[in-house]
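Data first, discussion second: the structure below is written as structure tokens.
The values are calculated or read from the model by the stated rules, or taken from the named source; none is laboratory data. All of these numbers come straight from a predicted model, not from anything done at the bench. Please note: Cβ atoms are built from the backbone with ideal geometry, for glycine as well, and neighbour counts cover all protein chains shown. Heads up: the accessible areas ignore ligands, DNA and RNA and are worked out on the full protein's heavy atoms, side chains in. Shrake-Rupley method; radii C 1.70, N 1.55, O 1.52, S 1.80 Å.
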Amino acid sequence: MSSNIAAPSRRFFLGAIAPVLAAVALAPAVASIAVVGDSLAAGCPFRTLSCRPFEVINFAKGGARLADIAGQLERAQRNRARRFIIDGGLNDLFGAAAPIRDIERDFRGMLQVLDPGASAIFTLMPYIAQREAAPRIDAANAMMAELCRERGIEVLDLNPHVSLNGVRRAEMSDDGVHFTPRANAAWIAALREKLSDQLFLDSGRLAKILLAPS
């Protein structure tokens, strides 16, 4: 790959940025991004968002409800995480058959755990294989999206990528609920577009671009 940066300018820039890259490379293993959520998040290889080990740490667990995810957030913040990928709600909506008002209460409680200075991306609930479940998912997602916007939290809707007409596409789930590798790949691709500082998550790729001969 060639670089459009002239050689003297590139040397000056590299000299200026070298201490930053060195600090990033030698820094203690502290999660840059923490993942919290249910089995969908637990089963997704989010580590591929970064080329550095331990930069993306997954706290998600199968069966987690929103109250459990609040606990995951607390644990992640004790580990100094400041950016979060969050999902959740399906276990509350269907596993516990919770009414929307209870889901709203627990979702508000989860968001209150998030430190004011933290940033987060919340993935709305994907549709499942049963079309009749779509109205409840839509209602819960609308409520969650509004609460996220009030808090300045980014919202990601995966349904255009993994579902069609309120039903999970067959190739995106083996059991009608959980994600296949293809669905996970769609999730990661969508997150990459949301992460505005992706180059700095991948400092090695940044260095290759800057060092490329003109």
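Key figures for this structure:
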read-out: Residues located in the stretch 52-74, provided they are farther than 26 Å from Ala98 by Cα and part of a loop (DSSP other than H, G, I, E, B); value: Arg52, Pro53, Phe54, Glu55
read-out: Qualifying positions in the stretch 138-193 - within 15 Å of the chain's Cα centre (by Cα), of a type in the set (D, E, K, R) and surrounded by 13 or more Cβ atoms within 10 Å (Cβ to Cβ); value: Glu154, Asp157
read-out: Tally, over the stretch 59-92, of residues that are in contact with a Lys or Arg (Cβ under 6 Å, 6 or more places away or on another chain) and open to solvent by less than 10 Å² (accessible area, probe 1.4 Å); value: 1
read-out: The stretch 138-171: number of residues that are within 18 Å of Arg101 (Cα to Cα) and of a type outside the set (D, E, K, R); value: 9
read-out: Qualifying residue in the stretch 28-40 (condition: modelled with pLDDT of 90 or more and assigned to a helix (DSSP H, G or I)); value: yes
read-out: Count of residues meeting criterion [of a type in the set (D, E, K, R), over 17 Å from the mean Cα position of the chain (by Cα) and either assigned to a loop (DSSP other than H, G, I, E, B) or within 17 Å of Ala97 (Cβ to Cβ) (or both)] in the stretch 107-137; value: 2
read-out: Pick from the stretch 45-58, criterion among the hydrophobic types (A, V, I, L, M, F, W, C), touching a helix residue (DSSP H, G or I) at 6+ places or on another chain (Cβ under 7 Å) and open to solvent by 10 Å² or more (accessible area, probe 1.4 Å), ranking: nearest to His178 (Cα to Cα); value: Val56
